[in-house]
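The values are calculated or read from the model by the stated rules, or taken from the named source; none is laboratory data. No experiment lies behind these values; they were computed from the predicted model shown. Cβ: placed from backbone, ideal geometry, glycine included. Neighbour counts: every protein chain shown. The area values use the complete protein model at the heavy-atom level, side chains included, leaving out ligands, DNA and RNA. Shrake-Rupley method; radii C 1.70, N 1.55, O 1.52, S 1.80 Å.
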Amino acid sequence: GKGAGKDPVRAEAWLYGASEKGDLVAGLYLAELHEREKRREKAEQVLKEMSYRIKARHGAVHPLMGQATHQLARVVAASSRQDEAKSLYLEASKIRKESLGPQHSFVANSLNNLGILCRKQGLYAEAESFFERSLAIREKTYGPNHPKVAASINNLAIIYSDQGRYVE
């Protein structure tokens, strides 16, 4: 926010004095500040409030709702609540697909994070499916030589390595 810099207290003060137009985006940035500073409970609180406000203003299927849900999934995953995080990432992916289109890079990001979460849980086949879907979107969106495409290929390689599938 204006003049808030990296200070969450000033950012929060700015948010609650912000215009109606920018307050939702500012709230998502505030939650990200809290997340980066490892204040997960506060980030979760802000994201839940922003989700409520986004839904009230724009409905349940809106790009901002997809972003808020994706960020909430990330915070919940960092708090070791994997099943809840998975559900939230699936919801974020669905919202993003419906509001932005199935080939949008934000859909790929949610799918990628689902793959990472499933890999950590040892759900390799599911993780592989999410990584492959993310890779397909990223290749179409960015082309074959983009760093996000390379990251997706690397994630698939890690899954293969975890399973001893070295030939692939």
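One line per residue, one yes/no per condition, for (1) of a type outside the set (Ser, Thr, Tyr); (2) under 26 Å from VAL25 (Cβ atoms):
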residue: VAL76; (1), (2): yes, yes
residue: LEU90; (1), (2): yes, yes
residue: SER105; (1), (2): no, yes
residue: LEU123; (1), (2): yes, no
residue: ILE137; (1), (2): yes, yes
residue: GLY143; (1), (2): yes, no
residue: GLN163; (1), (2): yes, no
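Within this structure, GLU91 passes the test of being at pLDDT 95 or above and either touching a strand residue (DSSP E or B) at 6+ places or on another chain (Cβ under 7 Å) or not aliphatic (A, V, I, L, M) (or both).
Residue-by-condition table, conditions (1) over 17 Å from the mean Cα position of the chain (by Cα); (2) part of a helix (DSSP H, G or I); (3) at pLDDT below 95:
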site: VAL107; (1), (2), (3): no, yes, no
site: LEU114; (1), (2), (3): no, yes, no
site: SER134; (1), (2), (3): no, yes, no
site: GLU139; (1), (2), (3): yes, yes, no
site: PRO144; (1), (2), (3): yes, no, yes
site: ALA157; (1), (2), (3): yes, yes, yes
site: SER161; (1), (2), (3): yes, yes, yes
site: GLY164; (1), (2), (3): yes, no, yes
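When residues in region 19-64 are screened for being closer than 21 Å to ALA78 by Cβ and of a type outside the set (D, E, K, R), 13 of them pass.
Counting only helices (runs of 4 or more DSSP H) that sit completely within region 1-65, those holding 3 or more residues that are at pLDDT 85 or above correspond to 23-36, 40-58.
If we scan region 122-131, do we find a residue that is under 24 Å from ASP83 (Cβ atoms), outside any helix (DSSP H, G or I) and either in contact with a strand residue (DSSP E or B) (Cβ under 9 Å, 6 or more places away or on another chain) or open to solvent by less than 80 Å² (accessible area, probe 1.4 Å) (or both)?
Kept after step one, since they are under 24 Å from ASP83 (Cβ atoms), are these residues of region 122-131: 122-131.
Imposing the further condition that a residue be outside any helix (DSSP H, G or I) reduces the set to 122-123.
This time we only want the ones that are either in contact with a strand residue (DSSP E or B) (Cβ under 9 Å, 6 or more places away or on another chain) or open to solvent by less than 80 Å² (accessible area, probe 1.4 Å) (or both), so: 122-123.
Yes, region 122-131 contains at least one residue that is under 24 Å from ASP83 (Cβ atoms), outside any helix (DSSP H, G or I) and either in contact with a strand residue (DSSP E or B) (Cβ under 9 Å, 6 or more places away or on another chain) or open to solvent by less than 80 Å² (accessible area, probe 1.4 Å) (or both).
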